[in-house]
Amino acid sequence: MTAQPEVEYFGRRCGGEKIASFFETLARKETRLKLEMTLFVAEGDTFAVFGTYTTTSKATQRTITITVAQLFAFVMAGSTRLRIM
């Protein structure tokens, strides 16, 4: 069994600098990125979006499509802000 390569852009990020580094990594490693969100669900201050992400690896030239989901919540902490979970 071979070791799996580390995927630099998975994980949770907070703040503009870390979010910017996420997109910089994608641009460095992938090409032809397409994110298509097709289902939107909301209840109260929480909403979720579902769809697909298609990309081509610059290293291997292989194209993949994966299913994605994102969960968001509006929370009060002095003022309203968006928290991506």
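The values are calculated or read from the model by the stated rules, or taken from the named source; none is laboratory data. A quick note: this is a predicted structure, and the numbers were derived from the prediction, not measured. Here Cβ is always computed from backbone atoms with ideal geometry, including for glycine, and neighbour counts include all displayed protein chains.
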| task | Please specify each residue of the stretch 1-23 satisfying the condition of being at pLDDT 85 or above and either surrounded by fewer than 11 Cβ atoms within 10 Å (Cβ to Cβ) or in a loop (DSSP other than H, G, I, E, B) (or both). | result | 17
| Restricted to the stretch 35-57, and to residues that are loosely packed, with under 10 Cβ neighbours inside 10 Å and at pLDDT 90 or above, which residue is nearest to residue 25 (Cα to Cα)? | 38
| So residue 60, is it modelled with pLDDT of 90 or more, β-branched (Val, Ile, Thr) and assigned to a strand (DSSP E or B) | no
